[in-house]
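This report concerns only the one structure given below.
No value in this document is a laboratory result; all are computed from the given coordinates. No experiment lies behind these values; they were computed from the predicted model shown. Methodologically, a virtual Cβ is constructed for each residue, glycine included, from the backbone with ideal geometry; neighbour enumeration extends over all protein chains shown.
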Amino acid sequence: MSRLAPHQLTAMQVSRLKSGSLCDGGGLWLVVSGGSRLWELRFKSPATRTRRQMSLGSAHVFTLAEAREKAATCRRMIANGLDPIIEREKEKTARKLESGITFKEVAEQFIQEKAPEWKDRKGVATWQGSLSLHVFPVFGSKAVRNVDTQDVLAALRPIWTKKTETADRLRGRIERILDYARAHGWREGENPALWRGHLSATLPTPSRLVQVQHLRAVKWQNIAAVMATLRSSEGMGAKAVRFVCLTAARSGEVRGCLWGEIDERARLWTIPAHRMKAKREHRVPLSDDACEVLSEVRLLHKESADEYVFPGHRAGKPLSDVALSKALHIAAKCNSENEDVTVHGLRATFRNWTADTNACSGDVAELALAHVVKNKVEAAYRRTDLLEQRRSLMNAWGVYCRG
């Protein structure tokens, strides 16, 4: 708080200030910048003991006398141990609760705040699309504090048995939005979209309605023939598919691979945490065949640390997922494999090979696939990624894929 006593300014001084700031005393300031003229209170928060600045409104709207009145109200709060900024937020929340902020408004705010943490670029569109189609027409305009179990069931029942997977995801989204609303004080009580102990007593269990469909994979007994066909192709998509197979990596990890991540002398590919599904750095030992793919690619385009190893047709863009899928489908068809096999399914091909041939222990295979240890205690004590064991494994896998 300013050491100056209040009421230091005159209306004439206020009107004449074109740029900069003037103190009226008691922490009240007039700040002029560009076309903006704001009243501002500067004080030390009794709650956090930190210096804070609070806008009291525009000087175009509020006169000096009105600003002084606002500042005096805030100073009384501070004298009583209250932070006026915190109290103002509480008032806003109370007004929203009283006026009845709608479920749709809460959902839109939730999506806006949480979207930056979502890895899926289409996440926002997916959330907005599913809610707009199935939820907003049912209770989107209803006050979020009044949304109940019957509202949730009215949105879910029409699609629960027909589009079970979609409906189950939608239920989870509704649950998260309602939890978000309760955290902001916009509703109270239990969450009506909660599954365990609530909706589970009414709706059929999703796992009993839908049979899990795994992504189609090339049989490990046929992988050598498929890889031979891919080796005969000069296309960048075919080379990327081979690298996916030989590293047991995900398609997106390979397509986003930069030359700077590759250490050919150490025969190691280090994928940074921000590109991994589990958000942890992953080291991939490179077999002879994997290094061969890199040598072939280097002949096709300029190598630079910040360049993609598998570039697309557009400058500065990685190869598309479609290019990899197309290359694999052609190779699979040539070797009497199902055309519906997927690039991601190559990870299953690798895992089935390790299991059926006892090529390694389950732990080594799971680390090769960069799977997260589900047991939290085991994960806390596991401090090694078994790199040398995985190096032997990937060399053996490369030899097998060569046939």
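Tabulated results
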{"quantity": "Packing rank of 163-171, 198-206, where each peptide gets the mean count of other beta carbons within 10 Å, highest leading", "calculated": "163-171, 198-206"}
{"quantity": "Long-range tail of P(r) for segment 1-154 (Cα pairs > 23 Å, %)", "calculated": "57"}
{"quantity": "Mean Cβ count within 10 Å, highest first, over the residues of peptides 107-118, 340-351", "calculated": "340-351, 107-118"}
{"quantity": "Linear extension gain, E388 paired with A115, 0.36 nm per residue minus alpha-carbon span", "calculated": "94.4 nm"}
{"quantity": "Local electrostatic count, L4, Cβ distance below 14 Å [Lys/Arg +1, Asp/Glu -1]", "calculated": "+3"}
{"quantity": "Relative contact order (%) - criterion: Cα under 8 Å, at least six apart; region: segment 11-97", "calculated": "20"}
{"quantity": "Distribution of pairwise C-alpha distances over segment 220-402, 5 Å bins, in %", "calculated": "1, 8, 17, 22, 21, 16, 9, 4, 1, 0"}
{"quantity": "Spacing of the two label points (7 Å from each Cα toward its C-beta) at S19 and S36, in nm", "calculated": "1.5"}
{"quantity": "Alpha-carbon gyration tensor eigenvalues x 5, square-rooted, for the chain, Å", "calculated": "57, 31, 20"}
{"quantity": "Spin-label model distance (nm) - D148 vs K326, 7 Å beyond Cα toward Cβ", "calculated": "5.6"}
{"quantity": "Gain on full stretching of the segment that runs from N335 to N80 - 0.36 nm per residue minus C-alpha separation", "calculated": "83.7 nm"}
{"quantity": "At R0 = 30 Å, FRET efficiency that the Cβ-Cβ distance of H371 and E89 yields, to 0.05", "calculated": "0.10"}
{"quantity": "For segment 100-209, the fraction of alpha-carbon pairs in successive 10 Å shells from zero, as %", "calculated": "14, 49, 33, 4"}
{"quantity": "Amide H within-cut-off set for L56, under 5 Å, with H built and near neighbours excluded", "calculated": "W39, E40, L41"}
{"quantity": "Nearest-ten-degree value, helix 103-114 long axis tilted from longest Cα axis of the chain", "calculated": "70"}
{"quantity": "Net lengthening on full extension, L133/V399 (0.36 nm per residue, minus Cα-Cα)", "calculated": "90.7 nm"}
{"quantity": "Value in Å of the Kirkwood radius, where segment 11-97 supplies the Cα pairs that are averaged", "calculated": "13.7"}
{"quantity": "Förster radius 41 Å - calculated FRET efficiency between R265 and V124 (Cβ-Cβ, nearest 0.05)", "calculated": "0.45"}
